[in-house]
1. Mind jotting down the distance between the C-alpha centroids of the range 180-248 and the range 1-70, whole Å?
2. Return the single residue from Tyr32, Tyr140, Tyr73 with maximal mean-square fluctuation; model: Gaussian network over the chain, springs between Cα atoms under 10 Å.
3. What is the sum of charges around Gly107, taking Lys and Arg as +1, Asp and Glu as -1, for the other residues whose C-beta is under 10 Å from the C-beta of Gly107?
4. Sort 110-116, 151-157 by packing, meaning the average of other beta carbons within 10 Å per residue, with the highest value first.
5. Suppose a student asked you for the relative contact order of the range 10-103, using Cα pairs under 8 Å spaced at least 6 residues apart; what percent would you report?
6. If you take every residue apart from Cys210 with its C-beta less than 15 Å away from the C-beta of Cys210, what net charge results, scoring Lys and Arg +1 and Asp and Glu -1?
7. Go from 0 up to the bin containing the longest alpha carbon distance in the range 69-159, width 10 Å each, and give me the % of pairs per bin.
8. Assuming 1.306 mPa s and 10 °C, estimate D for the chain with Stokes-Einstein, Rh taken as the Kirkwood radius over Cα pairs, in µm²/s.
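Every number here is computed from the coordinates shown, using simple stated rules; none is lab data. Bear in mind that the values here come from a model prediction, so they are computed numbers and not experimental data. Quick reminder, even Gly has a Cβ in these numbers, built from the backbone with ideal geometry, and neighbours come from all protein chains shown.
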Amino acid sequence: MAAPRFDDLALAVIGGTGVYALEALGEARELYLVTPYGEPSAPIRVGRLTGKRVAFLARHGEGHHLPPHRINYRANVWALHAIGAQRVLAINAVGGISPEYGPAMLGVPEQLIDYSWGRVGTFCEEADAPVQHVDMGAPYTPALRAQVLAAARQAGINVVDGGCYGVTQGPRLETRAEIARMRRDGCDLVGMTGMPEAALARELDLHYACLALVANWAAGCDPEPHDITMDEVHANMAQASRHLPAIIERLL
Ligand code: HPA
């Protein structure tokens, strides 16, 4: 369907692993959009939260069928822009590298390093598209980062302010040597979906910030080393994502 435009869209949320819906989204309408780049990962749900209009998109699809390298990042970002989004809050599951990013913690990273490959990372791909060299010095919008941090503070939720998110290709987790290299590079957390989403959002001039939820210690970072289990990942994600409604409501 052609994208309807909502002039009063207060926020768009892109949910990552473990966050497939915003339960409190009242009167939600489902939009099945087709963009010039194909279909977004899932229908976009547009509804109201605390009286404000909010859109939600599940990055991996509602049943988590899309691995990070198969996500159509361009369709997702384009679709949110097309319906009128100006502020995008990206929720990303990550592994913690630095000590403050322990399991079940939340954080708002400030920097990015992209180790992913083979993903279409620009809207300047087609021959007739004007070439843009967007400034990515500050990959996340400082004002939106500050708003997310203030919202968490008001809600009494402990959130790490800053850090560098290293984006790996996945879907496998990293080796200890890869994480050791990323630590030397200055990464504090590792995930698979932070890019090219942030760069695409910048190309469309969207305000974009990441709220990272720590699912596990990255390889070799656990003070009490053991193999990462899916049970542990799910438990940490459930614990961290409990705080999302309070943060999002205050952000509105
Ligand atoms: N590595 C990469 N991505 C992740 C991890 C990890 O350890 N945990 C959750 N997403």
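1. Here the two parts' Cα centres lie 20 Å apart.
2. Checking each option, the largest mean-square fluctuation is seen for Tyr32.
3. Numbers: positive: none; negative: Glu100, Glu110, Asp161, Asp188.
Overall, the nearby charge balance is -4.
4. On the way: 110-116: 17.9, 151-157: 15.7.
My ranking of the peptides, most packed first, is 110-116, 151-157.
5. Working: 172 pairs, mean separation 35.7, N = 94.
In percent, rounded to a whole number, it is 38.
6. On the way: positive: Arg59, Arg87, Arg145, Arg202; negative: Glu110, Asp114, Asp161, Asp188, Glu197.
Result for the local shell: -1.
7. 11, 36, 37, 13, 2
8. Numbers: Rh = 18.2 Å.
Answer, rounded: 87 µm²/s.
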